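To keep things clear, I will list the structure first and then write my remarks on it.
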Amino acid sequence: MNLESMLQLIVSSALVYSTPLIFTSIGGVFSERSGIVNVSLEGIMTMGAFSSVVFNLEFAGTFGAMTPWLGLLVGAIVGALLASLHALATITFHADHIISGTVINLMAPALGVFLLTTIYGTGSSQTITQPFGNFDFPLLSKIPFIGSILFGGTFAPGFIAVLVAILSWFVIFKTRFGLRLRSVGEHPQAADTLGINVYAMRYSGVILSGVLGGIGGAVLAQSISNNFSVTTIVGQGFISMAAMIFGKWNPIGAMGASLFFGLAMSLATIGYQIPVIKQIPSAFLSMAPYIITIVVLAAFFGKAIAPKADGTNYIKSK
């Protein structure tokens, strides 16, 4: 394998594994910028994966190559519905954010398997027939060396995720909506005094996190696992939270951290093809993303400053 082929393999694989993390970590940014800790991202990804796979299996013959893209929309809707439960519990009923999110994380895999068993008679789905494939950018993929590495045989949803990160940064830091979202996450009492509807802004942040988390799960299920089972989502939601913290609750930072974690995850799959890395036992490569997550959180959590009201319930009467 020459240098160009090796770099293309590393970049394309890292982008595939990073994309679900980018979408989900940015969703976490929206939620926590509004003041709601959303540890239910794991469960949201799980149901996004489940719903997209079921849609893909049922409608692949109808929509053809468009099926996985429509599956993202289905995942987004289901993710928003699940996030609404978390929002209802934490914002309206003032439940503890961690407990509410944990309940959703415990419920989602069991619910997915139950529904699969009800629909198909088995707790693990068939392999989808319309997954996301490789994509060559017109003209750009023809650029010598760089074109084949970055734009040839690449992963189209990954580039959309990068655009979403840039757009999310603009929305959060350069728009009136973003200013209000950040204000209710920093000092909800002051925001309420200025006439901002704290509850509405927090609902918006949590539901947006559900939309993006559902898309993250749908991307993963339709590109990496290509089916759904209880082990389809195994920690990616928590890794996304780590990327959000590592990125200091900034969409661009979260994207960068997700690319880093995605690269570590991809090496467990392609490591045997890379000259130096193939000497490392595959078990260690599989453990690497989770070990890196723990190390990063231990090293940077104290240095990353969350929104001041993050995790704090707001009761209007007070």
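Answer yes or no as to whether ILE36 is surrounded by fewer than 21 Cβ atoms within 10 Å (Cβ to Cβ) and in contact (Cβ under 8 Å) with a residue 60 or more places away in the chain.
Taking the combined requirement at face value, the residue does not satisfy it.
Could you please let me know if ASN56 is of a type in the set (S, T, N, Q), closer than 22 Å to THR231 by Cα and outside any helix (DSSP H, G or I)? Reasoning before the result, please.
Details: of a type in the set (S, T, N, Q): yes; closer than 22 Å to THR231 by Cα: yes; outside any helix (DSSP H, G or I): no.
So ASN56 does not fit the description; no.
Collect the residues in region 99-114 that are surrounded by fewer than 16 Cβ atoms within 10 Å (Cβ to Cβ) and of a type in the set (A, V, I, L, M), keeping them in residue-number order. So that I can check it myself, show each step before the final result.
We begin by selecting, within region 99-114, every residue surrounded by fewer than 16 Cβ atoms within 10 Å (Cβ to Cβ); these are 99, 102, 106, 110, 114.
Result: ILE99, LEU106, ALA110.
Yes or no: region 159-181 includes at least one residue that is at positive phi, assigned to a loop (DSSP other than H, G, I, E, B), free of Cβ contacts under 8 Å to residues at least 40 places away in the same chain and more than 17 Å from the chain's Cα centre (by Cα).
So in region 159-181, the residues at positive phi come out as none.
No; the residues of region 159-181 include none that is at positive phi, assigned to a loop (DSSP other than H, G, I, E, B), free of Cβ contacts under 8 Å to residues at least 40 places away in the same chain and more than 17 Å from the chain's Cα centre (by Cα).
Give the number of residues within region 124-158 that are part of a helix (DSSP H, G or I) and either touching a residue at least 40 places away in the same chain (Cβ under 8 Å) or touching an Asp or Glu at 6+ places or on another chain (Cβ under 6 Å) (or both). Lay out the reasoning, then the answer.
Step one: of region 124-158, the residues part of a helix (DSSP H, G or I) are 140-142, 146-150, 156-158.
Okay, now just the ones that are also either touching a residue at least 40 places away in the same chain (Cβ under 8 Å) or touching an Asp or Glu at 6+ places or on another chain (Cβ under 6 Å) (or both), so 148-150, 157-158.
Adding up the residues that qualify gives 5.
Go through region 89-123 and give me each residue that's outside any helix (DSSP H, G or I) and either more than 16 Å from GLY311 (Cβ to Cβ) or not aliphatic (A, V, I, L, M) (or both).
PHE93, HIS94, ASP96, GLY121, THR122, GLY123 - these are the residues of region 89-123 that are outside any helix (DSSP H, G or I) and either more than 16 Å from GLY311 (Cβ to Cβ) or not aliphatic (A, V, I, L, M) (or both).
So in region 188-236, with the set limited to residues that are part of a helix (DSSP H, G or I) and either among the hydroxyl-bearing types (Ser, Thr, Tyr) or on the phi > 0 side of the Ramachandran plot (or both), which one is surrounded by the fewest Cβ atoms within 10 Å (Cβ to Cβ)?
Keep residues of region 188-236 that are part of a helix (DSSP H, G or I), which gives 188-193, 198-225, 236.
Okay, now just the ones that are also either among the hydroxyl-bearing types (Ser, Thr, Tyr) or on the phi > 0 side of the Ramachandran plot (or both), so 193, 199, 203-204, 209, 223, 225.
Numbers: THR193: 9, TYR199: 16, TYR203: 20, SER204: 19, SER209: 32, SER223: 20, SER225: 19.
Out of the qualifying residues, it is THR193.
Every number here is computed from the coordinates shown, using simple stated rules; none is lab data. In this text, all values refer to a predicted model and were calculated from it rather than measured experimentally. We place every Cβ from the backbone using ideal geometry, glycine too, and count neighbours over all the protein chains shown.
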